[in-house]
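The numbers here are math on the coordinates, done by the rules we state, and not lab data. None of these values were measured; they are calculated from a predicted model. Heads up, the Cβs are rebuilt from the backbone with ideal geometry, glycines too, and the neighbour counts pull from every protein chain shown.
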Amino acid sequence: MAGAAARRGGRRAPRSRGLTSVRALVQRVSRAEVRVSGERVGAIGRGLLVLLGVAPDDDQATADALARRIVELRIHEDAGGRTNLALGDVGGAVLAVSQFTLYADTRRGRRPGFAGAAPPAHAEKLYRRFCDAVAATGTRIERGRFGAAMAVELVNDGPFTIWLDSAER
């Protein structure tokens with residue numbers, strides 16, 4: 001074995017299979033809030049800020065699976081300082097913010113393209129489905145305002161940031 005695979009103990013990194021996928025940038029936070037035109041529309045204390053992007057071929061099952069995966073992530077510290085606890089174990093909440101820019105294509109030129117992002121109507125439907133699936137687990141969820149220009153403020157706890165792509169399950 002050579003290169004990166006050897007550094008990972010022989011495991012190969014997941015390959016993109018050319019599939020579209022729901023993408024999420026997950027940040028463990030001690031607090032986070034989102035404002036629209038100066039008005040606070042969502043805020044949490046300890047928990048996860050989730051920036052969520054949707055692709056054109058995504059479906060409800062993918063949104064549901066990603067919601068479960070995020071809620072069950074064991075990325076909060078236990079009494080021994082190990083990342084061993086999930087949101088429910090720490091009484092954490094989720095602040096979900098729709099972000100089509102997670103599909104930015106910067107391979108050509110200096111201006112990103114967003115053709116890989118879902119059209120707004122489809123993206124909003126799956127964003128709402130994701131939020132409802134998080135709520136169905138008993139986890140408190142706050143939301144940004146879909147399609148609005150938002151100001152997101154957070155205190156990243158760690159920092160601890162994870163990129164999730166449902167195509168790499």
Residue pairs meeting the criteria (Cβ under 6 Å; at least 6 apart or on separate chains; first closer than 25 Å to Ala117 by Cα, in segment 23-35; second in a strand (DSSP E or B) and among the acidic types (Asp, Glu)): Arg23/Asp165; Arg28/Asp157; Glu33/Glu153
Filter pass, Ala115 being without any contact (Cβ under 8 Å) to a residue 40 or more places away in the chain and in contact with an Asp or Glu (Cβ under 9 Å, 6 or more places away or on another chain): yes
Among (1) closer than 11 Å to Val97 by Cβ; (2) without any contact (Cβ under 8 Å) to a residue 12 or more places away in the chain, the one test that Lys125 misses: (1)
Number of the exception - Gly109 against (1) surrounded by fewer than 15 Cβ atoms within 10 Å (Cβ to Cβ); (2) in contact (Cβ under 8 Å) with a residue 24 or more places away in the chain; (3) of a type in the set (Gly, Ala, Ser): (2)
Residues located in segment 74-117, provided they are among the small types (Gly, Ala, Ser), over 21 Å from Glu153 (Cα atoms) and within 16 Å of the chain's Cα centre (by Cα): Ala86, Ala104, Ala117
Test: residue in segment 143-160 that is aliphatic (A, V, I, L, M) and in contact with a helix residue (DSSP H, G or I) (Cβ under 7 Å, 6 or more places away or on another chain): no
All positions within segment 75-90 that are assigned to a loop (DSSP other than H, G, I, E, B) and more than 14 Å from Val29 (Cα to Cα): Asp78, Ala79, Gly80, Gly81, Arg82
Residues of segment 48-69 classified as within 13 Å of Val97 (Cβ to Cβ) and in contact with a helix residue (DSSP H, G or I) (Cβ under 8 Å, 6 or more places away or on another chain), total: 6
Where Asp58 falls short, out of the listed (1) touching a Cys at 6+ places or on another chain (Cβ under 6 Å); (2) in a loop (DSSP other than H, G, I, E, B): (1)
Residues that are closer than 25 Å to Pro119 by Cα, part of a loop (DSSP other than H, G, I, E, B) and not hydroxyl-bearing (Ser, Thr, Tyr), drawn from segment 36-55: Val54, Ala55
